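The values are calculated or read from the model by the stated rules, or taken from the named source; none is laboratory data. Please read these numbers as outputs of a predicted model, since none were measured by experiment. Note that we place each Cβ from the backbone using ideal geometry, even for glycine, and neighbour counts take in every protein chain shown.
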Amino acid sequence: MFGYAVFVAALAMFLPYLFLIQAAFAKAWGRGFGLENISLRNFHFVLFEHGTAAKSVLNSFVNAGVSATSVVILTLGVAYIVTRRLVPFGGILGFLCIAPFVIPGVVLAIGFYAAYAPPPLALCGTAPILILAFTTRFLPIGYVNASAAIRSLNPEMEEAVCVLGGSRLTALRRVVAPLLKRSLLGAWLLIFIPATRELSAAIFLYGPNTKVASVMIFDMSEEGNFEYLAALALILQVLTLPLLWIGQKALGRDFMLRRTAT
């Protein structure tokens with residue numbers, strides 16, 4: 001059984017990552033392994049010589065961070081309204097949050113382009129249109145997690161706030177959000193990590209100054225620059241791995257399994 005597990009892990013992770021690392025450090029990836037083929041030139045080019053590669057990584061993290069924060073805030077409010085049945089037909093809001101799950105990212109991007117690119121908004125190629133697209137794209141993850149977390153809370157605590165003169169907004173801000181901070185952090189990480197790699201929505205919406213790492217990697221693959229592509233991908237991976245470590249330390253080893261299962 002151990003051998004079978006190692007075999008599956010080798011096919012799914014070890015071999016792909018091994019060749020990714022080999023290509024990132026290689027002078028020419030087709031030459032294979034060898035000390036004479038090892039160089040840091042690819043990383044130096046990507047970080048210091050390429051005009052937009054390093055900036056694309058920064059754009060990815062900024063857009064993903066703003067999008068993840070927006071999703072968590074929006075879905076917390078919607079899930080609270082739907083779960084506590086505060087407004088008539090509130091379930092429609094929940095349905096709208098889930099709907100992007102069945103819409104392909106390319107189709108979603110075309111819709112955003114048609115809606116926000118023309119005047120008067122003229123957001124084509126700007127960071128706001130990417131953030132709006134990413135926020136919409138990952139609404140289902142935030143809503144499912146927030147809804148499951150709120151259902152686990154006893155509503156009597158919120159009713160106590162209202163009895164003492166507080167509003168529902170106060171109860172949400174001072175009681176619900178602090179109690180759910182671990183769940184919200186888990187949802188934020190589950191949104192942030194895939195948002196840094198989102199390609200299908202970004203490929204139609206980026207501009208000269210807003211290119212993200214996923215688009216940069218796609219462009220490098222089209223140009224055949226596999227060494228630079230691997231170096232950029234490895235940099236993105238190294239920057240993201242600490243977030244997984246933080247999630248495991250703060251929320252437990254199975255935080256991704258529990259969040260996605262809910």
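What residue, of T136, T170, T210, is hydroxyl-bearing (S, T, Y), in a helix (DSSP H, G or I), at negative phi and modelled with pLDDT of 90 or more?
Values: T170 fails: modelled with pLDDT of 90 or more; T210 fails: in a helix (DSSP H, G or I).
From the options T136, T170, T210, the qualifying one is T136.
If I98 satisfies every condition in (1) touching a residue at least 12 places away in the same chain (Cβ under 8 Å); (2) loosely packed, with under 15 Cβ neighbours inside 10 Å; (3) not in a helix (DSSP H, G or I) but one, which is the exception?
(3)
Out of all the residues in the range 24-53, which are at pLDDT below 90 and assigned to a helix (DSSP H, G or I)?
W29, G30, R31, L35, E36, N37
Mind telling me which of the residues A250, A231 ends up being in a helix (DSSP H, G or I) and modelled with pLDDT of 90 or more? Give the steps one after another, and end with the answer.
Numbers: A250 fails: modelled with pLDDT of 90 or more.
Of the residues listed, the single one that is in a helix (DSSP H, G or I) and modelled with pLDDT of 90 or more is A231.
Report whether or not I203 is within 30 Å of T52 (Cβ to Cβ) and at pLDDT below 90.
Numbers: within 30 Å of T52 (Cβ to Cβ): yes; at pLDDT below 90: no.
Criteria not met by I203.
May I ask you to verify whether S70 is under 25 Å from L180 (Cβ atoms), part of a helix (DSSP H, G or I), in contact (Cβ under 8 Å) with a residue 60 or more places away in the chain and not acidic (D, E)? Quick ask: steps written out before the conclusion?
Numbers: under 25 Å from L180 (Cβ atoms): yes; part of a helix (DSSP H, G or I): yes; in contact (Cβ under 8 Å) with a residue 60 or more places away in the chain: yes; not acidic (D, E): yes.
Yes.
For the range 20-56: of the residues being under 12 Å from E227 (Cβ atoms) and aromatic (F, W, Y), which is farthest from the chain's Cα centre (by Cα)?
The residue in question is W29.
Is the range 110-122 home to any residue that is small (G, A, S) and crowded, with 18+ Cβ neighbours inside 10 Å? Outline the logic, then answer.
Taking the range 110-122 first, the residues small (G, A, S) are 111, 114-115, 117, 122.
Now narrow it down to the ones that are crowded, with 18+ Cβ neighbours inside 10 Å: none.
Taking every residue of the range 110-122 in turn, none turns out to be small (G, A, S) and crowded, with 18+ Cβ neighbours inside 10 Å.
Pairs, please: C-beta under 7 Å, at least 6 apart or cross-chain, first residue in contact (Cβ under 8 Å) with a residue 40 or more places away in the chain and in the range 146-158, second in a helix (DSSP H, G or I) and among the basic types (K, R)?
Between residues of the range 146-158 that are in contact (Cβ under 8 Å) with a residue 40 or more places away in the chain and residues that are in a helix (DSSP H, G or I) and among the basic types (K, R), the close pairs are P155/R84.
For the range 189-238, which residues satisfy the criterion of being out of contact with any Gly (no Cβ under 8 Å at 6 or more places or on another chain), among the acidic types (D, E) and closer than 25 Å to Y143 by Cβ? Please lay out each step first, then the result.
Narrowing the range 189-238 to residues out of contact with any Gly (no Cβ under 8 Å at 6 or more places or on another chain): 190, 193-197, 202-204, 211-238.
Among the residues that remain, those that are also among the acidic types (D, E) are: 219, 222-223, 227.
Listed by number, the list is empty, since nothing qualifies.
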